[in-house]
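Enquirer: Input: one structure, supplied below.
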Amino acid sequence: MPALKRALGLNENYARELLELHTLGVDAGYSQDDVREAARVLTGWSLELKARDDDFGDFVYRRAAHDPAEKNVFGLHLPAGGQMDDGEKLLDYLALHPKTAHHLAFKLAQKFVSDAPPEGLVDALAAEYLRTGGDLRAVYLKLFGSREFWADAAFAAKTKTPLELVASSVRGLGELTSVQPQLVRALDGMGQPLYRANPPTGYAEEAARWVSAGALVSRINFGLELGRNDLPGVQVPLSSLPAGAPDAVVDALSRRLLGGRLSAESRRTVLAAVGAREEDAMQDGEQRPVDPRVVAGLLIGSPEFQKQ
């Protein structure tokens, strides 16, 4: 019986992700024809698979699988007869395309400034990218030196993703000794399972994806569980937490977890939640001691701690 021979074809998904995710962006204006032409350009680009399942293999160019006819991709003309250099020319062209510059500039400004970054900042970053031939170090310097980055409007404008919340909580309260299933399940419960984003674009940056009443409850519950030292793999020594009157504990933990930027409203809410109102003071004027682990958990759920 003759061996089965797998037919060679175009990997349009690979080409689409190159254009949509890694260079031009989904709104760049390219067509399905551009996707197909890009897929033709990349024919012959493959992998030399390894015996081990955990090794993806090394790049290999298979000359016999390449389509040598002429191609046109989003304004780039490649004459007939090209081989592996077709793909290299396409990558060089896309890397320095103005649409790529804008796409990357927007993503960086959205990550570090706000969910809807100022258009002027995005344009300035894109211009710096093109001026320097794609030097991302120069783009970062431009970003972090911009007025928009240091503006009051950008302060605490970004909301932490669940992963950022977990990382900052553990860093603020204790230390990670090992990654245990309970910690991973906490991320699952907050909507960001590790390495399991459904869209190829990954998890969203916008606050709307992460902010809801249910999500906030999950974050508070995580904080309380962490403060109680109930998460295997994380050590939060009780001796490291402040003790004493409720207002002193709240203020000390606010400085530790938030840099002291807890609002008056949030402070009142936390104190009320632990039953520490001024009218509840003991007869001698002293306030009843409060469990710092509960305070820590509530602060992790506070609006201020949700911000990057």
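Enquirer: Would you be able to say whether some residue in the range 254-268 is over 27 Å from the mean Cα position of the chain (by Cα), on the phi < 0 side of the Ramachandran plot, in contact (Cβ under 8 Å) with a residue 60 or more places away in the chain and outside the structural domain of Asp115 (by TED's automatic domain parsing)?
Expert: No, that holds for no residue.
Enquirer: For the range 196-214, check the following and say yes or no: at least one residue is closer than 26 Å to Lys107 by Cα, of a type in the set (Phe, Trp, Tyr) and without any contact (Cβ under 8 Å) to a residue 40 or more places away in the chain.
Expert: Among the residues of the range 196-214, not one is closer than 26 Å to Lys107 by Cα, of a type in the set (Phe, Trp, Tyr) and without any contact (Cβ under 8 Å) to a residue 40 or more places away in the chain, which makes the answer no.
Enquirer: Oh, and also: Just give me the residues in the range 183-203 being hydroxyl-bearing (Ser, Thr, Tyr) and part of a helix (DSSP H, G or I), in sequence order. Please lay out each step first, then the result.
Expert: Taking the range 183-203 first, the residues hydroxyl-bearing (Ser, Thr, Tyr) are 195, 201, 203.
Those that are hydroxyl-bearing (Ser, Thr, Tyr) and part of a helix (DSSP H, G or I): none in the range 183-203.
Enquirer: Would you list the strands (runs of 3 or more DSSP E) that sit entirely within the range 52-151 and hold 2 or more residues that are at pLDDT 95 or above and under 16 Å from Ala28 (Cβ atoms)?
Expert: Because the criterion is at least 2 residues that are at pLDDT 95 or above and under 16 Å from Ala28 (Cβ atoms), the strands (runs of 3 or more DSSP E) in the range 52-151 that meet it are 71-73.
Enquirer: Looking at the range 228-263, which of the residues that are out of contact with any strand residue (DSSP E or B) (no Cβ under 9 Å at 6 or more places or on another chain) and of a type in the set (S, T, N, Q) is surrounded by the most Cβ atoms within 10 Å (Cβ to Cβ)?
Expert: My answer is Ser254.
Enquirer: Which one is nearest to Arg293 (Cα to Cα) among residues in the range 201-218 that are surrounded by 11 or more Cβ atoms within 10 Å (Cβ to Cβ) and within 13 Å of the chain's Cα centre (by Cα)?
Expert: Among those residues, the one meeting the criterion is Trp210.
Enquirer: Something else now. Restricting to the range 9-28, what's the tally of residues that are among the polar types (S, T, N, Q) and assigned to a helix (DSSP H, G or I)? Give the derivation first.
Expert: Initial filter on the range 9-28 (among the polar types (S, T, N, Q)): 11, 13, 23.
The next check asks that each one be assigned to a helix (DSSP H, G or I); those that pass are 13.
So the answer is 1.
Enquirer: Take the residues of the range 259-297 that are of a type in the set (S, T, N, Q) and modelled with pLDDT under 75: which is farthest from Ser240 (Cα to Cα)? Explain how you work it out, then say what you get.
Expert: As a first pass, look at the range 259-297 and keep what is of a type in the set (S, T, N, Q): 263, 266, 269, 283, 287.
After this cut, where a residue has to be modelled with pLDDT under 75 as well, the list is 283, 287.
Working: Gln283: 30, Gln287: 21 Å.
Of everything passing the filter in the range 259-297, Gln283 is farthest from Ser240 (Cα to Cα).
Enquirer: Mind telling me which of the residues Glu175, Glu164 ends up being in contact (Cβ under 8 Å) with a residue 24 or more places away in the chain, assigned by TED's automatic domain parsing to the domain that holds Leu257 and exposed (fewer than 14 other Cβ atoms within 10 Å of the Cβ)?
Expert: The unique qualifying residue is Glu175.
The values are calculated or read from the model by the stated rules, or taken from the named source; none is laboratory data. Keep in mind that what you see is a predicted model, and the values were worked out from it rather than measured. Every residue, glycine among them, receives a Cβ derived from its backbone with ideal geometry; neighbour counts consider all protein chains shown.
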